[in-house]
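The values are calculated or read from the model by the stated rules, or taken from the named source; none is laboratory data. Note that the coordinates shown come from a computational prediction; the quantities given were computed from them, not determined experimentally. Because the Cβ atoms are built from the backbone with ideal geometry, glycine has one as well, and the counts that use them run over all protein chains shown. Just so you know, the surface numbers come from the protein's heavy atoms only, side chains and all, with ligands and any DNA or RNA stripped out. Shrake-Rupley method; radii C 1.70, N 1.55, O 1.52, S 1.80 Å.
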Amino acid sequence: MTKALVLGGATGLLGQALMRVLQAHGWQAEALGRADGNLLELDFLEEQFSQRKPDVVFNTVAWTQVDDAEDHAEEALLFNRTLPDALARLLARQEKGFLVHYSTDFVFSGKHTTAWKEDDTPTPASVYGSTKLAGEEAVLSALPDRACVVRTAWLFGPGRRNFVDVILAACHKRDAISVVHDQYGSPTYSLDLAQWSLALAEQRVTGIWHAVNSGQASWCELAAEAIALNSGPCRLEPITSEQWPQKAVRPKFSVLDNSKLAALLGKNPRPWAQALREYLFSEYAAQNGAVTQ
Ligand SMILES: NC(=O)c1ccc[n+]([C@@H]2O[C@H](COP(=O)([O-])OP(=O)(O)OC[C@H]3O[C@@H](n4cnc5c(N)ncnc54)[C@H](OP(=O)(O)O)[C@@H]3O)[C@@H](O)[C@H]2O)c1
């Protein structure tokens, strides 16, 4: 039985999805998070690795608060670069152990109108994006033959509050909400990402992989689809990024090209709207009450 250690597996959006999918596929998956100890202490990590002897480590732990990172650059760097660097170095000292590390579409910025490929040059515009890029580089340089970096984007799914949940909750309270329409990305279902992660880990692929559902959307389009499916009587007002000032600069276009993943899977990842429907009609409905189909 393959043994997995999932950092963030007890509480994270992706971590929880991974635990479910790995266990459903017969893996022995254990979670590791802040409730177990200080993940930034090398001795603690070393002890955890030698006790649990994982075949695959999935690192979903990160400083994910994009705006907060602007004011907490050092802490963001600790979780987004120092931690993955330590994980990769620890595994490099051992005979076995593969690392799947997650990164973000926010490593990209600037003018682009076609989906970003794995070998496009990243130019992060935020502290979050820069620290995540530094984490990618650290992992691939410390453990090039036994690690992959999986860039994903705009996650929704069960287990932790996400953009779709926030929009639908706001719609239940208000008659109208405003959502940015001039930033485009790749909405992605955490449970789909967990399935692809399993395939990537099973094949022990190395290097960088873009793992997102197919298609693209603006935040406003994602919100509109969720509201339409949730059948709430809520008016949606498209606004520009300038009308919704945020501390961290977001890319205007961070759609990821998933054709490398599609070739490995032998099929295109399903469109984000189809995955969103499944989320809302099953997982979200179970947590929040039925959504009418
Ligand atoms: N969510 C997205 O839309 C998105 C988009 C692109 C890339 N990604 C990447 O995908 C990966 C997973 O993201 P996610 O959405 O699943 O993240 P998440 O739900 O925010 O979970 C992050 C995990 O990191 C842990 N963590 C954060 N700060 C910590 C600290 N100071 N000490 C110990 N643990 C800490 C959290 O633990 P607690 O629950 O205890 O806080 C949680 O388990 C990350 O690498 C992220 O950069 C996510």
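Quick rundown of the values:
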item: Per residue solvent-accessible surface (Å²) - the chain, probe of 1.4 Å; result: 44
item: Cα-centred dipole magnitude for the stretch 249-293, charges only on beta-carbon of K, R (+1) and D, E (-1), debye, nearest 20; result: 220
item: 5 angstrom amide H check on Ile239, placed H, neighbours 5+ away; result: Val179, Val180, His181
item: HN-Hα J in Hz across the stretch 82-92 - Karplus 6.51, -1.76, 1.60, θ = phi - 60°, x for Gly and Pro; result: 4, 5, x, 4, 5, 4, 5, 5, 4, 5, 4
item: Val6 long-range amide H proximity, modeled H, under 5 Å; result: Glu30, Ala31, Leu32, Phe58
item: Amide H partners (placed H, <5 Å) of Trp116, local residues excluded; result: Val255, Leu256, Asp257
item: Computed [θ] at 222 nm, deg cm²/dmol, the chain (DSSP H ≥ 4; -39,500 (n - 2.57); rounded to nearest 500); result: -11000 deg cm²/dmol
item: The stretch 1-96 - percent relative contact order, Cα under 8 Å, separation 6 or more; result: 31
item: Environment charge at Glu225 (Cβ cut-off 13 Å; Lys +1, Arg +1, Asp -1, Glu -1); result: -1
item: Cβ crowding within 10 Å averaged over residues, with 138-150, 10-22 ranked highest first; result: 10-22, 138-150
item: The stretch 186-249 and the stretch 83-125: distance between their alpha carbon centers, rounded to Å; result: 18
item: Hz values of 3J(HN,Hα) by residue in the stretch 233-248 - Karplus curve (6.51, -1.76, 1.60), Gly and Pro given as x; result: x, 10, 8, 10, 9, x, 10, 8, 4, 5, 7, 10, x, 10, 4, 8
item: Highest-fluctuation residue, Asp120, Asp68, Asp257 considered, GNM on the chain with Cα pairs under 10 Å; result: Asp120
item: For the stretch 102-107, Karplus couplings with θ = phi - 60° (6.51, -1.76, 1.60), whole Hz, Gly/Pro x; result: 9, 9, 9, 5, 6, 6
item: Cα-based equivalent ellipsoid, the stretch 140-293: semi-axes from gyration tensor eigenvalues, Å; result: 30, 19, 13
item: Heavy-atom accessible area ranking, 1.4 Å probe, most first, across Arg81, Arg151; result: Arg81, Arg151
item: The chain, dipole about Cα centre (Lys/Arg Cβ +1, Asp/Glu Cβ -1), debye to the nearest 20; result: 620
item: Partnerless cysteines, meaning none of the other Cys C-beta atoms lie under 4.7 Å away, in the chain; result: Cys148, Cys220
item: Residue pairs, from the table Lys111/Lys260; Lys53/Lys260; Lys96/Lys132; Lys111/Lys267, whose Cα atoms sit over 27 Å apart; result: Lys53/Lys260; Lys111/Lys267
item: The chain: most fluctuating residue of Ala115, Ala228, Ala73 per GNM, C-alpha cutoff 10 Å; result: Ala228
item: Förster radius 22 Å - calculated FRET efficiency between Arg161 and Ala24, Cβ distance, rounded to 0.05; result: 0.40
item: Rounded to 5, the percent of DSSP beta bridges in the chain classed as antiparallel; result: 5
item: Compactness relative to 2.2 N^0.38 Å, alpha carbon Rg of the chain; result: 0.98
